[in-house]
Amino acid sequence: MVAALAPLLAHPAIWRGNDLALELATLPSGFADLDAVLPGRGWPQGALTEILLAHEGIGELRLTLPALVQLAAKHRDIVWIAPPHLPYAPALAAAGLDLARLYVVSCKTPQDALWAFEQALRAPECGAAFAWLATRDERALRRLQVAARDGHTWGALWRRPGQSGSALTAPLRLALARENGQLAIRVLKRRGADLAQPVRLGLDERLPPRSRTPFRSCTPPPESPRAPPSRAGTAPP
Amino acid sequence: MTLWGCLLFPSLPLDVFARALAPHDAAQPFAVASDGHPPRVVVANAAARDAGIRDGQLVSGALALTPSLVLRDRDVGAEARALAQIATWTLTFTPTACLAPPHAVLADIDGSLRLFGGLPRLVTRLTAGAQELGYASRLAIAPTPGAALLLARAAHRPAVRNATELPAVLDPLPLALLDLPDATRETLRNAGIATFGQLSALPRDGVARRFGGDLVARIDRILGRVPDPRVPFVPPPRFSGCLELPAPAQDVEALGFGVQRLVRDLADWLLARGLGVTHLTLALTHERYLRARGVPPTVVPFALGTPARSMPHLLGVLRERLVRVMLPAPVEAIALESGAASPLAGRNLGLLPGDDSSEVDVPLVDRLRARLGDGAIRRLVPHAEHRPEHAMQVVTGGTALPAARASLPEALRPLWLLAEPQPLDDLLGRAPWILRDGPERIESGWWDGGDIRRDYFVADTADGKATVWIYRDCRRGLDSDDWFLHGIFA
């Protein structure tokens, strides 16, 4: 009986509860450990990804940059809607992102931001649309999910620290936090079985290491063993 | 051997007004009146004719028949502009078109037959196209322009392809169709000459002696015995379309149909001149009594990211932009003018079904810019500057991105930069922060008054939760306590 079922279960249209769903199109994230737990082994193209943050500055954008660099290299546009701070061009360019593909949209009202996000998700030339939105309106989110599906766009809905998300709509939900100097990615929701353990990425290892001695403003900072980068225009002390 | 098509617009005085009406409003009785004394009906639409109104009738009589009749004064200038616009559109079918005022356009279609798949198909496209533009038309085909015009006036539908068939077709036509001086026509009528055939059968030297050589030469040109050179129509260097609305529009949505007509005209003009437009101006003129009080027209400028020609693209952008326009008063007329235009290469037709990219969508950037404003879409370029806040150039508007020539800083830079550095006050004093890198001294900008002197550090906040970019402002001394947060290593 089981032997008879086996070829049937191997059919690609059938997935079982403990399998990951087969996403039609995904975008490799550039991190093998993360790809391993994402359905389709990458960021979903044609679906909304909701990302919750414990804190800003833990490597959340660096997590998405390899995929964005790939998209830009394929001449797909990248649209960032209502980012909380200025995206800093020198750092983005240093990461290899083609800035000619990046559009930063600022919106006066949340309605405008929602509209712009939906337009970006629907646009065929747009490969990835990121929006920093507070909305938890289910109808609006469902609209966005449909737009992402129709436009085959990777839509990331970013929540600021302290903002709670909406568990219903986005098929992929991640919560990011820093634990023991590593970026811990908890998969809150995915198409497939639950994941108990967070994925840990050593993103910060690419930053300069933490020095042993903490420094305070009142004490002069300890002299770093590395010489400060010499720069034209900087005055010698 | 040439072949000419003549498009005659018998109800042009009416159509210049009526084309601004959405189709469902066209059932209202509507007529255009001359401004003579007493005023007479020039042309009436179908609904008015059903009510018994005839062309040439006195306006007072027409109003007695149908009190709800909408009347407009005839606008000869608008008719001439409409004819020029139609000629521009004709240039999408042929390289040579010419005006035959007051109400006809002639097109040399001999060279276009093959491209458009034969005469019957071209005829269908011409008549359907004129109807789409909003003009009722009659099309006649003949080997000479004069004969085509005569046949169009006579409503002779079958195409005449050969000059040898011309006399047989033209002979029975009444002389009234030929624009003859009144005296000439009177003399001929008294002599019993009523048709074109009778006139052309008269002895040539006799006709020339009595009426001048002009009439003989004209008959020769109509029959193709001598060449008939015409001045080809050249589309105007700038597009300027105007549409008078039959009834004042109260809101922006009521303008939609009229705007669509104008955009269609604009697209034809762009195609005829091989151009793509990047800047457009839409002017909405308000009602006359308000104009007198000094209410200026509402002017809506548009900018497009790339030169555009296709009608869906232009219309999509205009619709989004119009939604944001607040009308201070009802609108009586709309005008569309082209600004900067640049050459745009033609598009190849698809070989197989499916690779025809005619259903071009409005580019995302144009749609966003139309609704959110030019300044809302920003693009970023690194800039060769040491001061972090100046090391990036923000580009708005539809201009191309300047080439990034800046050499990037070797030191680490954060992905988020705070618009304004945030003072840390005594945050650093309360709990120790953990240093990752630094100091990086940046001292620059003395030439423009924005000089800075800062020591930058990459550090983790005291709780270890975030990596940030902070600096000590050294302008008041190297060990000052002025600490600022300037970036986040997101």
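Structural remarks
- The residues packed around A:ALA167, meaning those with a beta-carbon under 15 Å from its beta-carbon, carry a net charge of +4 if Lys and Arg are +1 and Asp and Glu are -1.
- Percent of Cα-Cα distances greater than 17 Å, calculated over region B:9-140: 61
- Ellipticity at 222 nm from helices only: DSSP H runs of n ≥ 4 in the protein assembly as shown, each -39500 (n - 2.57), divided by the residue count, give -8500 deg cm²/dmol.
- Cross-link partners of B:LYS465 among aspartates and glutamates (Cα-Cα below 20 Å; sequence separation of 8 or more within a chain): A:GLU56, A:GLU60, A:GLU179, A:ASP204, A:GLU205, B:ASP425, B:ASP426, B:ASP437
- Amide H contacts of B:GLY224 (H built 1.01 Å from N, in plane; Pro and chain starts excluded): no residue 5 or more places away or on another chain comes under 5 Å.
- Separation between Cα centres of region B:120-159 and region B:418-455, rounded to whole Å: 77
- Built amide H within the under 5 Å cut-off of A:LEU27, gap 5+: A:TRP43, A:GLN45
- Neighbour net charge for A:PRO28 - beta-carbon separation under 11 angstrom, K R +1, D E -1: 0
- The slack between B:ASP479 and B:ALA46, meaning 0.36 nm per residue of separation minus the straight C-alpha distance, is 146.9 nm.
- At most 12 other Cβ within 10 Å, DSSP loop - trypsin sites (Lys or Arg not before Pro), region B:92-162: B:ARG114
- Across q = 0.28 Å⁻¹, region B:424-470 modelled as identical point scatterers on its alpha-carbon atoms has Debye log10 I(q)/I(0) values of -0.99, in the order of the q list.
- Neighbour-count order for A:GLU118, B:GLU253, B:GLU420, fewest beta carbons within 10 angstrom listed first: B:GLU420, B:GLU253, A:GLU118
- Hull volume in cubic angstrom per residue (convex hull over the Cα atoms of chain B): 252
- Percent of alpha-carbon pairs separated by more than 52 Å within the protein assembly as shown: 37
- For peptide B:461-474, the mean count of partner chain Cβ atoms within 10 Å of a residue's Cβ comes to 4.
- Spin-label pair B:ALA183/A:THR109, simplified geometry with 7 Å Cα→Cβ offset, distance in nm: 7.3
No lab work stands behind these numbers, since they all come straight from the coordinates. These numbers come from a predicted model, not from an experiment. Cβ coordinates were reconstructed from backbone atoms using ideal geometry, including for glycine residues, and neighbour counts include every protein chain displayed.
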